[in-house]
Ligand SMILES: Nc1nc2c(ncn2[C@@H]2O[C@H](COP(=O)(O)OP(=O)(O)OP(=O)(O)O)[C@@H](O)[C@H]2O)c(=O)[nH]1
Ligand SMILES: [Mg+2]
């Protein structure tokens, strides 16, 4: 076999999932990608390594030159490849063994096993994509619904970079104009009155809010909304979970205290993943196990985006129900009156009114609704799902959602906060230097979002979420 100089600079990994499949792909990237590939593949007589952007059939051979598999070799030359370096892909037959043998041979030849996400990291470091595009690659891999996938693709195609990039440039222009006025006051009176400055900041804030809405929508499309099914024992929480899933996932019995642990399942409705979390009924626990379950219920209640508080609508509300409902008014919730099949709909309407009447006047803007359904017959389930989705899509930006990570969303939020402070500072005449400083802070957040400024720790944090081979 040919020997090539060891090169830690050339990375290799299996890019396809482990397990039986039609093909498996071993990917190489770096200066020695072609040389390394040549050590493990043999082409038919008279044929050489494929030209860039071509594929060619070859034999994958072991160290004794025995053919192990018939493979396809693809070649993407630098700089027009995914990573911006020489990339070679060896497509073996599926199943894990051949690809594993091929990878091991390449490593023996001098390639280094790629870290998770290292191909995409190289694409970023070589200027092929910016950081927001790199993170959207992960979004594409993780998408569970078509809508989430579209949001990720929009981001990969550069929509987020263009949008956030434009806002960043406007922030920079405004900040520079203010700094010029500060540095050269003798040039004359400031051309920008406080009124004009406020108008410019307000316009930028609107754009940032729009960006924030689109990013929140994208995150929601990918991660879904977390909905906790909570309530007293025996009201039908697990029955509701099963009915929404259309499968008997959780154990249901007439014995109060059946569910002990948290059960989490995802359904997709109108393109939005809904994470349903069934919990143990709340009451004074009868044993240690139930007590642990109830601790978990309380933790889920805090964690959920939306709480479904389930009541047995066929029984009158008692003081304990009222006490629990009183405590719901701090959290977005839907109150569900279950077991509609057991009573007349008039009785349920009266019960709904009863619960609505408990809503204290003038509470902060939480979202709250009350509806009746039957987990047993399925009546009212679509209405419930519509309510959950309309709660989730409150921002109205779902169709334009941009795929972002929680990190990126936090940068947009931080930028918006700095801009709001700049607005206040200008109104309070705190001085142009203060406003300029806050505009600069808002801009820096967007630069971190776009990856115009980053450090190794940030890159490591981002790419460690990727799979090996991407
Ligand atoms: N008629 C009728 N019975 C229901 C309905 N939903 C649940 N039940 C019954 O109510 C009882 C309790 O149901 P579960 O789903 O186990 O109640 P749970 O709230 O999960 O109870 P815990 O796990 O003990 O907290 C069972 O006997 C169910 O068959 C419904 O819509 N109509
Ligand atoms: Mg249960």
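What follows is calculated from the coordinates using simple rules that are stated; it is not laboratory data. On a predicted model such as this, the values are computed, not experimentally measured, just so you know. Heads up, the Cβs are rebuilt from the backbone with ideal geometry, glycines too, and the neighbour counts pull from every protein chain shown.
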- Note on the structure: Taking every DSSP bridge whose two residues both lie in the stretch 227-398, the antiparallel percent to the nearest 5 is 25
- Expressed in angstrom and rounded, the centroid-to-centroid distance over alpha carbons for the stretch 449-470 and the stretch 410-424 is 24
- Task: Enumerate the whole-percent occupancy of each 20 Å bin, from 0 to the last occupied one, for all C-alpha pair distances of the chain.
- Result: 20, 36, 33, 11, 0
- Message: Quick check on the chain: of the DSSP beta bridges with both residues there, what percent are antiparallel, nearest 5%?
- Response: 60
- Rounded to the nearest 500, the 222 nm mean residue ellipticity computed for the chain from DSSP H runs (n ≥ 4, each -39500 (n - 2.57)) alone is -14500 deg cm²/dmol
- Task: Could you calculate the contour length gain from residue 319 to residue 385, that is, 0.36 nm times the residue separation minus the distance between their Cα atoms, to one decimal place in nm?
- Result: 20.9 nm
- Message: Sequence gap at least 6, Cα distance under 8 Å: using those rules, report the relative contact order of the stretch 408-470 to the nearest whole percent.
- Response: 35
- Note on the structure: Quick calc, residue 77 & residue 57: beta-carbon distance into FRET formula, R0 25 Å, rounding 0.05, result 0.80
- Task: Under 1.5 on a/c is rounded, so check that first for the stretch 227-398, then, if it is not, pick prolate when a/b is larger than b/c and oblate when it is not; a ≥ b ≥ c are the square roots of the alpha carbon gyration tensor eigenvalues.
- Result: rounded
- Item | Euclidean distance of C-alpha centroids, the stretch 337-357 and the stretch 305-336, integer Å | 13
- Message: Run the simple label-point estimate for residue 286 and residue 341 please: 7 Å along Cα→C-beta, distance reported in nm.
- Response: 2.5
- Query: Classify the stretch 331-467: rounded, prolate or oblate, from the alpha-carbon gyration tensor (a ≥ b ≥ c, eigenvalue square roots; a/c under 1.5 rounded; otherwise prolate if a/b is larger than b/c)?
  - Reply: oblate
- Query: Got a sec? How would 18, 329, 309 order by Cβ neighbour count within 10 Å, fewest to most?
  - Reply: 18, 329, 309
- Is the shape of the stretch 11-125 best called rounded, prolate or oblate, per the rule: a/c under 1.5 gives rounded, else a/b larger than b/c gives prolate, else oblate, with a ≥ b ≥ c the square roots of the Cα gyration tensor eigenvalues? oblate
- Relative contact order for the chain using alpha-carbon pairs under 8 Å, separation at least 6, rounded to a whole percent? 18
- Footprinting exposure proxy for 344, 145 (fewest neighbouring C-beta atoms within 10 Å first): 344, 145
- Using the alpha-carbon atoms, what tilt in degrees (0 to 90, nearest 10) does helix 96-109 show relative to the longest principal axis of the chain? 50
- Query: Most exposed first by the Cβ proxy, i.e. fewest other Cβ within 10 Å, how do 89, 181 rank?
  - Reply: 181, 89
- Item | Separation in nanometres of the label points that stand 7 Å from Cα toward Cβ, at residue 18 and residue 180 | 5.9
- Query: Taking the alpha-carbon centroid of each part, what is the distance from the stretch 248-295 to the stretch 25-104 in angstrom?
  - Reply: 51
- Between the modelled labels at residue 45 and residue 302 (7 Å from Cα along Cα→Cβ) the distance in nm is 7.5
